[in-house]
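The values are calculated or read from the model by the stated rules, or taken from the named source; none is laboratory data. Quick caveat: nothing in here was measured; it's all calculated off a predicted structure. Methodologically, a virtual Cβ is constructed for each residue, glycine included, from the backbone with ideal geometry; neighbour enumeration extends over all protein chains shown. Heavy atoms of the whole protein, side chains included, go into the accessibility calculation; ligands, DNA and RNA do not. Shrake-Rupley method; radii C 1.70, N 1.55, O 1.52, S 1.80 Å.
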Amino acid sequence: MKMKMKMNVPFKLQGHKSTNDNKQIISYSNDKTIRMWSIEQRKQIHKFEEEINVDCISISNDNKYLISGSYLNECIHIWDVQKKKLIKKLNHYPTTSLVFITNTYLFVSASLNCSRINIWDINVLNPI
């Protein structure tokens, strides 16, 4: 089934992902925001205000945690989606890719310049 959903947005989208339950879309853009959109309601339901340029995001399988990374600002931010607040800032290296490992609170961060990846445990917040 193909569903057409059109929304006008007053900013340039950098990228987007759907939540794992496919009920929401998460977008990030050059206006230093991460936005959650309800597919059913066809509207924005929350805006996370960032202090950094967002280059990548990932969401945990249970949709509890959202992580955002910045190449320019060399950091990773960890958000509690239910509480809608930033819970941790990790000063890191230029981050160009983030992904949660399926059914865990482990995530992988990578950078093009550093030629390395790190695996993080969100409960410990140190690279493994």
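Measuring with a 1.4 Å probe in the full set of protein chains, what accessible area per residue, in whole Å², belongs to the stretch 58-128?
Ligands and nucleic acids excluded, the figure is 52 Å² per residue.
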Between Ile87 and Asp21, the FRET efficiency computed from the C-beta separation at R0 = 22 Å comes out, to the nearest 0.05, as 0.55
Computed about the Cα centre, the charge dipole of the chain from +1 Lys/Arg and -1 Asp/Glu charges at the Cβ has a magnitude in debye, to the nearest 20, of 560
Of the candidates Thr96, Leu13, Val108, the farthest towards the positive dipole end of the chain (Lys/Arg Cβ +1, Asp/Glu Cβ -1, centred on the Cα centre) is Leu13
Simple spin-label estimate for Glu49/Val99, 7 Å along Cα→Cβ, in nm, reads 3.4
Using alpha carbon centers only, the stretch 97-128 is separated from the stretch 39-78 by a whole-angstrom value of 15
PRE zone check, label point 7 Å out along Cα-to-Cβ of Asn30, amide N under 20 Å, scope the stretch 85-119, hits 95-97
With a 1.4 angstrom probe the carbon and sulfur portion of accessible area for the stretch 39-128, in percent, totals 46
With DSSP loop assignment and no more than 12 other C-beta atoms within 10 Å, the GluC sites (Glu not before Pro) in the stretch 20-121 are Glu40, Glu51
